[in-house]
1. Kindly indicate which of Ala45, Ala22 is in a helix (DSSP H, G or I), modelled with pLDDT of 95 or more and small (Gly, Ala, Ser).
2. Considering each residue of region 73-111, count those that are modelled with pLDDT under 65 and among the polar types (S, T, N, Q), and give that number.
Amino acid sequence: MWLLLALILIGAVLALVTAVRALGAWLRYRRARIELRDHLTDEVANLLSRTGEMEENLTNLEARSQQLPVQIAELQESLTTLRILTSALTSTLQQLSRALSFDAIKALSAVQLSNLLPSRSETRKPG
């Protein structure tokens with residue numbers, strides 16, 4: 001009978017230890033579930049905020065994309081004007097380069113040079 005009583009006590013102690021462990025596991029599970037729920041709630045709120053920002057940015061992008069054809073047309077107009085001005089500048093610089101080249105100066109005759117410079121008689125005025 002003592003043996004039976006000892007076995008019952010050992011079984012009761014083992015059941016108590018198992019119950020305490022099960023209670024600890026349940027408490028850890030509950031804590032983890034609460035932390036997960038809080039984390040997921042925060043993440044959903046963050047995603048909701050970011051989704052709002054993305055919708056706002058999308059609206060801004062749509063408005064800007066509607067302005068693009070006008071801006072592209074203005075840019076093409078500006079490029080055409082720039083091409084014309086660049087061409088005129090190139091022509092002017094080429095003419096200036098030819099006028100200032102050494103060969104052009106050599107081609108001037110002495111008469112043309114004397115006509116450009118004031119004569120000595122003009123610099124000495126009789127008087």
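1. Values: Ala45 fails: modelled with pLDDT of 95 or more.
Exactly one residue qualifies, and that residue is Ala22.
2. Within region 73-111, residues that are modelled with pLDDT under 65 and among the polar types (S, T, N, Q) number 1.
The values are calculated or read from the model by the stated rules, or taken from the named source; none is laboratory data. If you're wondering where the values come from, they're calculated on a predicted model, not measured in any experiment.
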